[in-house]
Amino acid sequence: MKRLFSILIVLSTLSCSKDGVVRNPYLQEVGFRFDMNLNLPKYSQLTNIGSIVFVDNAGVGIRGIYVIQSGIDQYRAFEATCPNHVPNDCSTMTQNGLEVTCSCDDLVYNLFTGQLINPPEEGKRYYDMLEYRATRSGRIILVTN
């Protein structure tokens, strides 16, 4: 019985995956909590699917966040800093419709998914947008990290 237990422990240790979460080396993940009241004019447009609001309040993300209603009562929030640069003068992304662009290198990201749309073919690793948790409770959208 003791031998069987030892074999099970060895097998379970060997079967553990070493694949962990790949952290973005350029962006520090900051902790914050931000409430968005949909009754306020600034955030009321988030009641429509595809609507986007940029929040640049101090302490919300690194350089602010983009929040989108991606489906019925589904929200996503993304960091406004380009995920492929250390924060600098050109790394705050600008919105153009449902996309944002990093002015450092003209990389374009989709705000529905946070994915890089136009990756260069250099063989370098490129990161998608850093996503924060966004949940709705009544008329409040809570964004946290």
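Restricting to segment 109-144, name every residue that is among the aliphatic types (A, V, I, L, M) and surrounded by fewer than 16 Cβ atoms within 10 Å (Cβ to Cβ). ILE117, ILE140, LEU142, listed by residue number.
Every residue, every condition in (1) more than 23 Å from MET36 (Cβ to Cβ); (2) touching an Asp or Glu at 6+ places or on another chain (Cβ under 7 Å); (3) not hydroxyl-bearing (Ser, Thr, Tyr), yes or no:
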| position | (1), (2), (3) |
| --- | --- |
| GLY59 | no, no, yes |
| GLY64 | no, yes, yes |
| HIS85 | yes, no, yes |
| MET93 | no, no, yes |
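Please specify each residue of segment 44-54 satisfying the condition of being in contact with a helix residue (DSSP H, G or I) (Cβ under 9 Å, 6 or more places away or on another chain) and within 23 Å of GLN28 (Cα to Cα). Within segment 44-54, VAL53 is the sole residue that qualifies.
Would it be correct to say that THR101 is without any contact (Cβ under 8 Å) to a residue 60 or more places away in the chain, surrounded by fewer than 17 Cβ atoms within 10 Å (Cβ to Cβ) and of a type in the set (Val, Ile, Thr)? So THR101 does not fit the description; no. Under the condition of being surrounded by 14 or more Cβ atoms within 10 Å (Cβ to Cβ) and more than 15 Å from GLY31 (Cβ to Cβ), the residues counted in segment 55-79 number 11. Restricting attention to segment 27-54, the residues being among the aromatic types (Phe, Trp, Tyr), over 22 Å from GLY97 (Cα atoms) and crowded, with 17+ Cβ neighbours inside 10 Å number 1.
Residue pairs whose Cβ atoms lie under 9 Å apart, separated by 6 or more positions or on different chains, with the first residue in segment 110-130 and among the small types (Gly, Ala, Ser) and the second in a loop (DSSP other than H, G, I, E, B), are GLY114/PRO83; GLY114/ASP128; GLY114/MET129; GLY114/LEU130.
Bear in mind these aren't lab numbers, they're just calculated from the coordinates by the rules spelled out. Computed from a prediction, not measured in an experiment: that's the story for all the values here. Every residue, glycine as well, gets a Cβ built from its backbone with ideal geometry; the counts of neighbours run over all protein chains shown.
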